[in-house]
Amino acid sequence: MKQDIKKFSNNIYQIDVFMEDKPGRMSCYYIDSKDPILIEVGPSNSFPYLITSLESLGINNVNRSAMTHLHLDHIGGVGHLVEKYKNHFVYIHELGIKHLPNPEKLWKAVSSIYTEEWLKENWGEIKPTPVKNIHTLKDEQKISLGNKRNLQAIYGPGHAKHHYTFYDEYSGTLFMGDTLGLIYPHGDFVQPNLPPPDFSKEVLFETLDKLSNLELKYLALAHFGIHDKPYLLIENAKESIEVWIKFVSNLPTLSNAEAAKVLSEWLVSNYKVLGIDDNTINNYINNSHFEMQIQGIRNYLTK
Ligand SMILES: [Zn+2]
């Protein structure tokens, strides 16, 4: 089975879980400290990749994990995780208590965007997580990693109202989930990720400003990988979000699908002007769901 694991300093592992069977789409992280923790699990279909990678590192039991938010590309495999590892528990926003034991509502919400057939085939069906395996998070809660190292949960809505980021002060790494947006290999710029129903510019910017006050060396994104120049990337993200909102609000009356096509064509031409190579452009464009972006921005504009 294919594997791509990168070891960073301070015992942080980045594990590609080959979402939709493609490289560079979804990274999970494992901090191999005295009291280790997994960050994100990925969708159900990615679970075998995650387990194979962990086992290749000699990790045969994982006691706990932390999930950034309740979107299925991040938590789809949670039910598998608690089934595989005895006594495993998951740190997550308090809405997790409501939805993880009865994931039908999460499934339905995502099906309405991606269709059920697509979901089953590409992300895989989800299993319920028992309440006893769920630990809800509080803002600024410190999760001990042993030897005085902590992972601090920081509430960060904007992309989703149930979003936490996780800050490892020891290494200066902030595990961002989807708060920043997307950076696909091998690009070095942020593309916004603004889904309905929760995206709000004001809320997201407040979160990003709060996170900018931390002492940061690296941002670890779910989509995808660990990046330096954290403050520059945060500014980069804010600028792009402003420009996207302006572009979408100036569009004539178009259906969401038509607007998505116009948005993606406009982006391709912008990226070309910036001198970005065709491979990278295709990677960003083909791995984005622009209709969902249109829905998220239009929903925000009518709030
Ligand atoms: Zn995501």
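Read-outs throughout are calculated quantities, based only on the coordinates presented, and are distinct from any laboratory measurement. Predicted model only: the values in this text are computed from it and were never measured. Don't worry about glycine lacking a Cβ; one is built from the backbone with ideal geometry, like all the others, and counts go over all protein chains shown.
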*In the neighborhood of Glu121, defined by Cβ-to-Cβ distances under 12 Å, what is the net charge if each Lys or Arg adds +1 and each Asp or Glu adds -1?*
-4
*How large is ³J(HN,Hα), in whole Hz, for each residue of region 99-115 in order, when computed from phi with the Karplus curve 6.51 cos²θ - 1.76 cosθ + 1.60 and θ = phi - 60°, using x for Gly and Pro?*
9, 5, x, 10, x, 4, 5, 4, 4, 5, 4, 6, 4, 5, 9, 9, 6
*asked:* Ratio of alpha-carbon Rg to the 2.2 N^0.38 Å globular estimate for the chain, to two decimals, please.
replied: 0.95
*So what's the net charge close to Leu81: Lys and Arg +1, Asp and Glu -1, counting the other residues with Cβ under 12 Å from its Cβ?*
+2
*asked:* Over region 222-303, what is the relative contact order in percent, taking alpha-carbon pairs closer than 8 angstrom and at least six residues apart?
replied: 36
*Hey, could you get me the Stokes-Einstein D for region 201-295, Kirkwood radius over alpha-carbon pairs, 37 °C and 0.692 mPa s, rounded to whole µm² s⁻¹?*
218
*Tally Lys/Arg at +1 and Asp/Glu at -1 over every other residue whose Cβ is under 12 Å from the Cβ of Pro230; what's the total?*
-1
*Provide the per-residue ³J(HN,Hα) series for region 205-213, in order, calculated from phi with Karplus coefficients 6.51, -1.76, 1.60 and θ = phi - 60°, each as a whole number of Hz, with x at glycine and proline positions.*
5, 4, 4, 5, 5, 4, 5, 5, 6
*Please work out, to two decimal places, the log10 of the ratio I(q)/I(0) at q = 0.16 Å⁻¹ from a Debye calculation in which every Cα of region 129-222 carries one identical scatterer.*
-0.72
*How far is helix 256-273 tilted off the main Cα axis of the chain, in degrees rounded to 10, range 0 to 90?*
90
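Filter the cross-link list Lys98/Lys127; Lys201/Lys246; Lys161/Lys201; Lys98/Lys120; Lys2/Lys229; Lys86/Lys120 down to pairs whose alpha-carbon distance in this structure exceeds 19 Å.
Cα-Cα > 19 Å for Lys98/Lys120; Lys2/Lys229; Lys86/Lys120; rest within.
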*What angle do you read, to the nearest 10 degrees and between 0 and 90, between the alpha-carbon axis of helix 230-249 and the longest principal axis of the chain?*
40
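Relative contact order for the chain: what is it in percent, counting Cα pairs under 8 Å that are at least 6 residues apart?
Result for the chain is 14 percent.
Please compute the length gained on full extension between Asn256 and Lys84, using 0.36 nm multiplied by the number of residues separating them and subtracting their Cα-Cα distance.
57.9 nm
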*Given the C-alpha centroids of region 39-68 and region 169-212, what is the distance between them in whole angstrom?*
23
*Cα-based helix-to-principal-axis angle, 47-56 vs the chain, degrees rounded to 10*: 50
*Taking H placed 1.01 Å from N in the peptide plane, check which residues at least 5 places from Ala222 or on another chain put their amide H under 5 Å from its amide H.*
Met176, Gly177
*Could you run the Karplus curve 6.51 cos²θ - 1.76 cosθ + 1.60 with θ = phi - 60° over region 190-202 and give me ³J(HN,Hα) per residue in whole Hz, x for Gly and Pro?*
9, 10, x, 9, 10, x, x, x, 9, 3, 9, 4, 4
*Find the centroid of the Cα atoms in region 70-92 and in region 283-300, then give the distance between the two in whole Å.*
27
*Amide H neighbours of Arg64 under 5 Å, at least 5 residues apart or on other chains, H built in the peptide plane: list them.*
Leu38, Phe89
